[in-house]
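Below you'll find the structure, written out as structure tokens, and then a few comments.
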Amino acid sequence: MLPARILLVRLSAGTLDDDNLRPALKSVRDGIADRLGVADNDPRVTWDYAQERCKRGQTSVRVECYPADAQDAA
């Protein structure tokens with residue numbers, strides 16, 4: 001499914017500033033890149049980040065995958 005846009009959405013009761021959101025999702029990004037069989041800096045993959053609030057104790061990460069030319073991501 002390359003090239004692709006991958007949107008990582010952090011779901012948590014708290015929020016992180018822009019300086020900490022990307023590092024918090026680094027292991028998720030690495031795992032997805034491994035699954036795709038590419039390096040996490042492969043130019044065929046564009047990474048977008050967002051966060052949403054949820055109930056305390058129900059943290060998770062939502063992963064959305066789009067074709068690289070899709071306008072729907074973030």
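The values are calculated or read from the model by the stated rules, or taken from the named source; none is laboratory data. What you are looking at is a predicted structure, and each value in this text was computed from that prediction instead of being measured. Counting neighbours? That spans all protein chains shown, and the Cβs are built from the backbone with ideal geometry, glycine included.
Laid out as a table, the results:
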| quantity | calculated |
| --- | --- |
| Selection within the stretch 24-37 - in a loop (DSSP other than H, G, I, E, B) and either surrounded by 15 or more Cβ atoms within 10 Å (Cβ to Cβ) or of a type in the set (Asp, Glu) (or both) | 25 |
| Lone qualifier among 11, 21 - being in a helix (DSSP H, G or I) and at pLDDT 95 or above | 21 |
| Filter result (in contact (Cβ under 8 Å) with a residue 40 or more places away in the chain and within 10 Å of the chain's Cα centre (by Cα)) within the stretch 26-48 | 46, 47, 48 |
| Inter-residue pairs, beta-carbon under 6 Å, first touching a residue at least 24 places away in the same chain (Cβ under 8 Å) and closer than 14 Å to residue 36 by Cα and in the stretch 51-68, second of a type in the set (D, E, K, R) and surrounded by fewer than 13 Cβ atoms within 10 Å (Cβ to Cβ), 6+ apart | 66/72 |
| Filter pass, residue 40 being farther than 19 Å from residue 69 by Cβ, assigned to a loop (DSSP other than H, G, I, E, B) and acidic (Asp, Glu) | yes |
| Residue tally, condition part of a strand (DSSP E or B) and either under 15 Å from residue 14 (Cα atoms) or of a type in the set (Ser, Thr, Tyr) (or both), over the stretch 43-68 | 9 |
